[in-house]
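Contents: one structure, followed by commentary.
Since every read-out is calculated from the coordinates, none of them should be taken as a lab result. It should be emphasised that the depicted structure is a prediction, and the values quoted were computed from it without experimental measurement. When we count neighbours, we look across all protein chains shown, and the Cβ atoms used for this are built from the backbone with ideal geometry, even at glycine.
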């Protein structure tokens, strides 16, 4: 992958032993959320950027400066201008909070006085100035993570890597830290590993999804999570996601045949090319856009999708009930699992329970079809 003039961090590198080959470009001041299932290559990507792993394919560069390459080029971690914030704060237990934060600029060669001044400024920036004299053992989880953020920023890195920054926190401490990161990441070049759509929405300009060591999709946060093109992103967004082969019968080129489900009719987004007959395609639609009926009461009307299924599970979700269904009769080969969101009253009126036969209905206008 060539580096564009807008690229600040460029990774076009791999590690064959882990089956990872990632190509991405991050613009200056851009925060990208890195998402994907366990084992997808997220930690390997961070290791390649931070200097914890050496690529055996390609290269990693920042500002056009090659940090690591398969030809043997290698810049040690402490000279890369890349700061890694791990899930655990990893503070030095024998140093005070102030000394922990001052360690970063000191390691970069700053005089003691200016390092302490930078530490005080960043502790104030993360609302932790009052903790300066404490030792790490005297801090709560949320306080320790604030100090770790201050230490990473005190190094004045070109690129900040955050590996699930909320994973080790109590649920009560996470919201304040999200607000803090949203503020301090503004205008910074950063990659954030997260499994939470909320974190991506709050912190990231763009989302990149890794699957099987490759970039499965990438795009603006809201757009990608609202119209995902990978099974993982669809699952994060709570959407139905099915894949199949485009067919020309029925509703035309925006229709695909899905094994175990049948024909799925949808619409192609404005500006996108419709997949040609015979091509692989995917369809995505919201659970809220799926109506659910008993087989004897399916209404007739405008063209729409209708799929026979069996209820597998009822999941209470506040003001809604999510109905998990398996297409088919329950005795033959099943298609992809589908979900529909109903009100509790509607679920009760239909007398739904595991094993009950139903028909799922979705208008074609509510189903988005993409070429795979």
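Taking the chain as a Gaussian network of alpha-carbon nodes connected by springs under 10 Å, the highest mean-square fluctuation of the residues 324, 94, 78 belongs to 94.
Between segment 191-225 and segment 100-158, the alpha-carbon centres lie 29 Å apart. Only Cα pairs under 8 Å and 6+ residues apart enter the sum, and on that basis the relative contact order of the chain stands at 15 percent.
Antiparallel beta bridges, as assigned by DSSP with both residues in the chain, represent about 80 percent of the total such bridges.
Between the Cα long axis of helix 141-154 and the first principal axis of the chain there is an angle of about 60°, rounded to the nearest 10. Taking 316, 89, 336 as the candidate residues, the one with maximal mean-square fluctuation in a Gaussian network model of the chain, Cα springs under 10 Å, is 316. What do you get for the angle between helix 174-184 and the principal long axis of the chain? Use alpha-carbon atoms, 0 to 90 degrees, nearest ten. Helix 174-184 sits at roughly 60 degrees to that axis.
Name the most mobile residue of 40, 176, 23, meaning the one with the largest mean-square fluctuation, in a Gaussian network model of the chain with Cα contacts below 10 Å. Maximum fluctuation in the GNM of the chain, among the listed residues, is at 176. Place a point 7 Å from Cα of residue 167 in the direction of its Cβ. Which residues in segment 14-46 have their backbone N less than 14 Å from it? The answer is 34-46. Helix 97-107 axis versus longest C-alpha principal axis of the chain: approximately 80°, rounded to the nearest ten.
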